[in-house]
Amino acid sequence: MTKKLVLLFILISTLTSYSQKQGKLQFFQTDWGRTLSWDSFCEKTKAAGYDGLETWFPSDKKSQAELKAALEKYNLKVGFLNGTDKSLPFEESLKSYTEHFKTLIAWNPAYINCHTGSDFLTFEQNKAFIDSANKIAKQNNIPIYHETHRGRFSYNLPDTKKYVQAIPDLKMTLDISHWMVVHESLLENQDVELQEVLDRSHHIHARVGHAESPQVNDPEAPEWKKSVDRHLDLWEKVIRQKWEKQEMFTITTEFGPADYMPTLPYTKVPVADQWKANLYMMKVLKERLNIE
């Protein structure tokens with residue numbers, strides 16, 4: 001075999017290997033700030049090209065029934081949120097957090113994303129919440145993730161790494177926008193420190209933060225290009241790592257409403273469009289990862 005043929009064979013093999021590692025993405029829309037009925041919101045979500053929505057479980061029976069009907073009508077998946085109630089004493093909060101999983105699992109969600117623990121609890125107390133969730137995930141074969149989030153056990157990078165190193169089955173939702181503001185930087189020089197957390201990230205909240213806020217006002221604005229590109233770089237790294245082992249990866253577009261979205265003084269009018277920002281994040285991720 002000639003040298004040229006050998007090189008051609010290597011090139012073809014490399015391209016074939018790469019194509020086999022190209023997986024799929026499922027996009028979930030946040031219902032944060034929703035003002036529409038469940039039916040109208042789900043219709044709009046489906047029409048926009050989403051695979052599902054992410055929400056806290058409705059508190060009243062009527063809303064629960066309307067959500068279930070809308071999900072079925074528009075063939076949408078659901079990802080639920082669960083959270084530690086920081087206003088309750090530790091034991092009571094742990095019990096409530098653990099028992100709520102039963103309600104969520106009965107709906108067979110695509111995943112459950114958790115706001116777990118508190119930055120004011122001890123390592124052992126926070127670990128108790130994580131261990132409880134991980135046990136339930138294993139028993140029910142339901143993905144349960146723990147979000148990088150201010151005010152929780154995972155409020156910063158150094159402390160989160162302690163949990164990652166101590167709990168082998170800890171699976172994270174990466175919302176890196178929180179850490180950008182906590183650490184007042186885009187973490188450009190922390191790629192090595194980030195790697196352990198990226199390795200454990202199984203879901204992404206696609207919101208763009210910066211050194212002074214967990215949310216830029218408009219991700220399409222040119223002044224935020226550096227922030228957007230940094231988030232995209234980290235997200236792509238996580239997704240491609242997971243595609244090495246699994247076909248599908250899930251993402252929630254999670255730009256929030258006022259007052260998370262900056263507003264004008266006195267009128268409190270949002271300075272940008274939340275829905276448009278979330279659609280833009282889905283668009284740029286699809287383009288970047290060559291997803292149709």
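Taking the square roots of 5 times each eigenvalue of the Cα gyration tensor of the stretch 183-250, largest first, gives ellipsoid semi-axes of 23, 14, 9 Å. Against the chain, whose longest principal axis comes from its Cα atoms, helix 90-105 is set at around 60 degrees. Between amide H atoms placed 1.01 Å from N, distances below 5 Å from Tyr111 occur with Phe80, all of them 5 or more places distant or on a separate chain. Phi angles of the stretch 120-137 translate, via the Karplus equation with coefficients 6.51, -1.76, 1.60 and θ = phi - 60°, into HN-Hα couplings of 9, 8, 6, 4, 5, 5, 4, 4, 4, 5, 5, 4, 4, 5, 5, 5, 5, 4 Hz per residue; Gly and Pro are given as x.
Each Lys and Arg adds +1 at its Cβ and each Asp and Glu adds -1 at its Cβ; summed about the Cα centre, the chain shows a dipole of about 920 debye. Expressed as a whole percent, the accessible surface of the stretch 198-264 that belongs to carbon and sulfur atoms is 50, based on a 1.4 Å probe.
Every helix of 4 or more DSSP H residues in the chain counts as -39500 (n - 2.57), and over all residues that averages to -15000 deg cm²/dmol at 222 nm. Annotation for Ala47 and Asn141: the two label points, set 7 Å from Cα along the Cα-Cβ direction, are 3.7 nm apart.
Taking 22 Å as the limit for the C-alpha separation, the pairs Lys61/Lys102; Lys162/Lys245; Lys73/Lys276; Lys44/Lys283; Lys225/Lys283; Lys46/Lys283 exceed it in the case of Lys162/Lys245; Lys73/Lys276.
In the chain, the DSSP beta bridges split such that about 5 percent are antiparallel, to the nearest 5.
For the set Arg207, Arg230, the ranking by accessible area, highest first and with no ligand, DNA or RNA atoms included, is Arg230, Arg207 under a 1.4 Å probe. Kirkwood analysis of the Cα pair distances in the stretch 90-132 returns a hydrodynamic radius of 11.2 Å.
Sorted largest first, the spans of the alpha carbon positions of the stretch 125-188 along the three principal axes are 39, 20, 19 Å. Entry note: the stretch 23-133 has Rg to Rh equal to 1.03, where both radii use alpha-carbon atoms and Rh is the Kirkwood radius.
Can you tell which of Asn141, Asn82, Asn156 shows the greatest fluctuation in a Gaussian network model of the chain with Cα springs below 10 Å? Of Asn141, Asn82, Asn156, the Gaussian network model singles out Asn141 as fluctuating most. Quick one: Kirkwood hydrodynamic radius for the chain, alpha-carbon pairs, angstrom, one decimal? For the chain, the Kirkwood estimate is 20.3 Å. Summarising the label geometry, the points placed 7 Å from Cα in the beta-carbon direction at Arg150 and Trp275 lie 2.7 nm from one another. Against the chain, whose longest principal axis is taken from its Cα atoms, helix 225-243 shows a tilt of about 80°. Dipole check for the stretch 198-292: with +1 at the C-beta of Lys and Arg, -1 at the C-beta of Asp and Glu, and the Cα centre as origin, the magnitude is about 160 Debye.
When restricted to Cα atoms, the stretch 70-225 yields an Rg and a Dmax of 16.3, 48 Å, respectively. Calculated over the stretch 234-292, the projected area of the Cα convex hull averaged across directions stands at 4.7 nm². Sorting Thr35, Thr267 on solvent-accessible area from highest to lowest, probe radius 1.4 Å, gives Thr35, Thr267. Quick check for you: which residues of the stretch 22-62 have the amide N under 20 Å from the point 7 Å beyond the Cα of Lys286 toward its beta carbon? Output list for this probe position: 22-31, 41-54. Translational diffusion of the stretch 179-292 was estimated from the Stokes-Einstein equation, with Rh taken as the Kirkwood radius over Cα pairs; at 25 °C and 0.890 mPa s the coefficient is 164 µm²/s.
The values are calculated or read from the model by the stated rules, or taken from the named source; none is laboratory data. These numbers come from a predicted model, not from an experiment. With ideal geometry, Cβ positions are generated from the backbone for all residues, glycine too; neighbour counts draw on all protein chains shown. Ligands, DNA and RNA are excluded from the accessible area calculation, which covers all protein heavy atoms including side chains. Shrake-Rupley method; radii C 1.70, N 1.55, O 1.52, S 1.80 Å.
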